[in-house]
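What follows is a set of notes on a single structure, which appears directly below.
Every read-out reported here was derived from the displayed coordinates using simple, explicitly stated rules and does not represent laboratory data. Nothing here was measured: the structure is a model prediction, and the numbers come from that model. All Cβ positions, glycine included, derive from the backbone under ideal geometry; neighbour counts span all protein chains shown.
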Amino acid sequence: KNVGTFLGQEGNLQIVAERESSPLVGGGLTFTSPSGETLLRARFVSTIDGELTGQVGVCEVPDTQFEGLPFCQPVKNSADIRAFSIDAGFLQGSPGDAVRASLHLGIGLRQFSFGSLPCIGNESWEPVCEATAEIWEDDGGLSAFLLAGLRLNGELGPATLWVEGIDRVGRYNGGSDRADGNIQNDVSITAGLALRIF
């Protein structure tokens, strides 16, 4: 989310822009030390068909007196994020343990991209649209982030079952005029099954 002011500094008159959930695709490489105690991973991910919605804050409250008025019409724009990261994992415990944890630390770069949105066609709505557009203007290009997380690995014969939680923290540098950048904090929890074939 990001926030810009509209019609003064009143909190309920702020423009609130929120990036909606969207599918994610990606890939990467993992390098393991001969001992198996250290991992080095490089990964790239990108969202698909992302969308950002902006609206005057008071319009987000259902059943208000403003509901249905022109300035409460949501402003929508395309919004995608691409990220590349490198992290190292350090396996804990002994080789014979059924479950072993690995601590992961790393760095990465994000790139934000937004569509072109002309704010024309409705005099009541245009000021809201223009204020919303300030939130994604000057998106700052590449933005660095730090990541840290924990991975649990369970050995099941030739298979490894894993669960991983990663936190990525970095700034969103965009925003112009009445809008400011802010911290973006992404937490992900993933699980999978790896099979050794040779």
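Numerical summary
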| quantity | calculated |
| --- | --- |
| Cβ-Cβ FRET estimate between ILE48 and GLN92, R0 fixed at 30 Å, reported to 0.05 | 0.25 |
| Potential extension, ARG196-VAL25 segment - 0.36 nm per residue separation minus Cα distance | 59.2 nm |
| Spin-label model distance (nm) - GLN73 vs SER35, 7 Å beyond Cα toward Cβ | 6.5 nm |
| Extension gain, GLU18 back to SER116 (0.36 nm per residue minus Cα-Cα distance, nm) | 33.6 nm |
